[in-house]
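The values are calculated or read from the model by the stated rules, or taken from the named source; none is laboratory data. This structure is a prediction, so every number in the text was calculated from the model and none was measured. Cβ coordinates were reconstructed from backbone atoms using ideal geometry, including for glycine residues, and neighbour counts include every protein chain displayed. Heads up: the accessible areas ignore ligands, DNA and RNA and are worked out on the full protein's heavy atoms, side chains in. Shrake-Rupley method; radii C 1.70, N 1.55, O 1.52, S 1.80 Å.
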There are 2 protein chains.
Amino acid sequence: MNIKQLSPDVSETQFKQQIFFALSDPGRYKIVQMLYDVGHEMGCGKLNQHVEIDKSTMSYHLRTLREAGITTTRTQGREKYVTLNVEKIESELPGLLENL
Amino acid sequence: MNIKQLSPDVSETQFKQQIFFALSDPGRYKIVQMLYDVGHEMGCGKLNQHVEIDKSTMSYHLRTLREAGITTTRTQGREKYVTLNVEKIESELPGLLENL
DNA sequence: TTTATAGTTTTATATATATCAAACTATTAT
DNA sequence: ATAATAGTTTGATATATATAAAACTATAAA
């Protein structure tokens, strides 16, 4: 018997709510969708080409996603690469990403 | 080949985003979870006993859910009964509700 | 070493959101 | 008829959010 099934951890619920919050914004929805569709990390610049928003707004949304644990960022030179934490998301909300 | 798979309708995406918005709030999350768990309609009063928030706040959240098409409300006498639109939600985001 | 580029942070602003008290509506009970 | 009950709506308020311009940081290129 899975105790998680009976009473989910508060932090798990919080993480889910953060995911929902992230996906409730059209810009962040597109970012997550794009990252999931390409299936691998993506440079901020490239992301910005596909999701058309001001670069400072983009930076704001990417920070929101990062701080929620939804994405991870890697720096190389003066560019940054963003990865969607697919496994982490899938472990809490299986099937969610493929239905965006 | 499913055209929806390739390019989801704007309104479908909007509905998903509304569901995500609804579930990003702890109060509404609990309401939806409760409605899903009981598996049938529930009186506002009973809901209010389980989800402890001010009745006017509850009314506000229930209106948010109703106007987003996430729930349906039925009036009987001076009481109101709320139903979760499970099928509608499942058709856009299958598996979501069971993972809350 | 100067300049260009990628991205962040700050600041300002407008709008959205959550909350609750108080007044209100409609229905049932006395 | 009057009072009680269930729920909504209206203010008022405090906080959160999204947006973008401008200043800033760090790295790469000239």
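Per-residue answers, yes or no, for (1) away from DNA strand C (no atom under 13 Å from the Cβ); (2) at negative phi:
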site	(1), (2)
B:Gly39	yes, no
B:His50	yes, yes
B:Arg78	no, yes
B:Leu84	yes, yes
B:Ser91	yes, yes
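Filter the stretch B:47-61 down to residues that are open to solvent by 90 Å² or more (accessible area, probe 1.4 Å) and at pLDDT 95 or above and give me whichever is farthest from the other protein chains (Cβ to nearest Cβ).
Of everything passing the filter in the stretch B:47-61, B:Lys55 is farthest from the other protein chains (Cβ to nearest Cβ).
Which number in (1) within 22 Å of A:Asp25 (Cβ to Cβ); (2) within 12 Å of DNA strand D (Cβ to nearest atom); (3) buried (at least 16 other Cβ atoms within 10 Å of the Cβ) marks the one condition that B:Leu96 misses?
In the conditions (1) within 22 Å of A:Asp25 (Cβ to Cβ); (2) within 12 Å of DNA strand D (Cβ to nearest atom); (3) buried (at least 16 other Cβ atoms within 10 Å of the Cβ), B:Leu96 misses (2) alone.
Considering only the stretch A:8-46, state which residues are without any contact (Cβ under 8 Å) to a residue 40 or more places away in the chain, under 30 Å from B:Met34 (Cα atoms), open to solvent by less than 30 Å² (accessible area, probe 1.4 Å) and more than 9 Å from DNA strand D (Cβ to nearest atom).
Hits for the stretch A:8-46 are A:Thr13, A:Gln17, A:Phe20.
Which of the residues belonging to the stretch B:62-85 are more than 14 Å from B:Met42 (Cα to Cα), open to solvent by less than 80 Å² (accessible area, probe 1.4 Å) and either assigned to a strand (DSSP E or B) or away from chain A (no Cβ under 14 Å) (or both)?
Of everything in the stretch B:62-85, those that are more than 14 Å from B:Met42 (Cα to Cα), open to solvent by less than 80 Å² (accessible area, probe 1.4 Å) and either assigned to a strand (DSSP E or B) or away from chain A (no Cβ under 14 Å) (or both) turn out to be B:Gly69, B:Gly77.
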